[in-house]
1. In Å and on Cα atoms, what radius of gyration and Dmax does region 403-476 show?
2. So, how do all the Cα-to-Cα distances of the chain break down into 20 Å bins, in percent, from 0 on up?
3. What are the ³J(HN,Hα) values, in whole Hz, obtained from phi via the Karplus relation 6.51 cos²θ - 1.76 cosθ + 1.60 with θ = phi - 60°, for each residue of region 324-332 in sequence order, with x given for Gly and Pro?
4. At q = 0.15, 0.21, 0.32 Å⁻¹, what is the base-10 log of I(q)/I(0) for region 317-357 according to the Debye formula with one equal point scatterer per Cα and no solvent? Please give it to two decimals.
5. Given a Förster distance of 51 angstrom, what is the FRET efficiency for Asn51 paired with Asp262, based on the Cβ-Cβ distance and rounded to 0.05?
6. Just subtract the alpha-carbon distance of Glu92 and Asp492 from 0.36 nm times their residue separation and send over the number in nm, one decimal.
7. On the first, second and third principal axes, largest extent first, how far apart are the outermost C-alpha atoms of region 369-528 in Å?
8. Using Stokes-Einstein with the Kirkwood hydrodynamic radius over Cα pairs, what translational diffusion coefficient do you get for region 132-171 at 37 °C and a viscosity of 0.692 mPa s, in µm²/s rounded to a whole number?
Amino acid sequence: ATKDIATFVSRGTNGGLSTENLFEIAATVNVANSGSSRSSIVKDAYIGTINLDYKGYLFVEGTIRRDRTSTMNPENNAFIYPSVNSSFIFSEAFKMPKFISFGKIRGSWGIVGNYPDIYRANIAYNQGTLGVQAVGGAPVLFTNIPSSFGNDLIRPEQKKEFEFGIETRFLNSRITFEASYYNAQIVDQILPLTLASTSGAGSVLTNIGTLRNKGIELSLRGHIARSENPRGFNWELGVNYSNNRNIVEKLANNATELLHADYDGSAAQLRSVVGQPMGDFYVPPVATNGEGQKIVNANGLYQLDSRNWIKVGNSMPKAVGGIFNTISFKGITLDVLADFRFGGHVMPTGVNWMISRGLLEESTQFMDKESGGLSYYVSGGKGIQTTGDKGPNGERVFNDGMLIPGVLANGEPNTNVISQAYYYWLTYNWGGPQYGSARYELFVKENSYIKLREATLGYNIPQSLIGKLGFSKLNISVFGRNLFYFYRTIKDIDAEQLTAGSRWTQTVNNAGTNPSSRTMGVMIRASF
């Protein structure tokens, strides 16, 4: 059994310290604010394991675990997780061709669980005071529901998974290949469910539904060159690849979809729909008439349809993986690691707001004739396309015009030419249709990339040079991390800058996140 207690105390000063660098409450001129909190969590677990081995090539292991946690209702806070896994080394059981150095197949089934974070499931109220409301009276106290409500009936989240795989080595273990297939069902997934504000809380912790994940994982690595001499030429190359597909199978209360996030006043939403993968982006589309023609407002920009939302992407990647490369010769070692992601959409709203302000290359289109801008003059509040140097009444001619394809509400073709600055300012700005003309379907973009994750060049100084200094090993290396992209679909930000929290819903939007960093350095490692 384990017990973890965390205590946090804060104090502030108003007017500075009475004694320089004496950071004590007694040394503050005036106590500005103070507070303290204490959290306590108790967990205990029992686990049993059995292992069976038959002739060194067939192995079976079974486990059973019982957990209990104080973060759930005492009447329903214990849960049991069984598992079983087995492996069969067929290269030991049978005589194999000489080129097969090793071969194993494996399979497993098990249940693992998760429970709410500390105090998240509690049914508790905040208490405050209105102060003394009458002379000689006592303070008036009040209670209110927190913005996120708990759940006394919450059940532990369970992940039920089975997996099959194979591991093989060939040509005296110069080449290794691994492959596996998994199928996992997450039952009673614990997530906050958004509530109408009239309920008194913004969300409630809920067993939201059932999610299915299944996919394959592949790994291939090999020694292109291998020397028996430790300081000889060695070159190892490897690649791994994984493909995952998830489906929302069921939601609480037989709901058909779950709203994870509403962005910028109903400008876009992140939803999970039953029968579809998690994390679909939905936006209000451009409005169309009965003939399917796009409708343009009197201001020359598209009209948005806030009643019929459309899906414009899904946040889940189709494939992820990495490539590693290690070359060594005469004590010099070069390690290069690249990784990749293909598919999956994100909404980097910060990038689009920069476009609206003319800060990125995209917003320089149509700014003059050379970049595709139309010539027009303004009359009666509308832009009229022209080929002349002046309008009929001497109006000034501009060359940064754009004519949005579509029709007006009455079916007439749109002829109102607008400036490209006006177009980008309003089309890529903030907010839903009730606030303006921002088109968030343009904000949702595929986030695929191939990235040089890390490169290290090191040198092991020969023992003959360092032995007299008392070192058994001395290595000097230079390294760089997050260096550059070989390929990317979003060029104006780091593809991983969108991570703003631990939940997956916080990794699909970059508004308010800090810039990513590139790290370079020198490292010395010594052994005595």
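1. Looking at region 403-476, its Cα Rg and Dmax stand at 30.6, 92 Å.
2. 14, 35, 35, 14, 1
3. The phi angles translate into 10, 9, 10, 10, 9, 6, 6, x, 9 Hz.
4. Reported log10 I(q)/I(0), two decimals: -0.63, -0.76, -0.98.
5. Calculated value: 0.50.
6. 138.6 nm
7. For region 369-528, the Cα extents along the three principal axes come out at 93, 40, 21 Å.
8. 184 µm²/s
The values are calculated or read from the model by the stated rules, or taken from the named source; none is laboratory data. The model shown is predicted, which means the values in this text are computed figures rather than measured ones. FYI the Cβ positions are ideal-geometry reconstructions off the backbone, even for glycines, and counts take in every protein chain you see. These area figures cover heavy atoms from the full protein model, side chains too; ligands, DNA and RNA do not enter into them. Shrake-Rupley method; radii C 1.70, N 1.55, O 1.52, S 1.80 Å.
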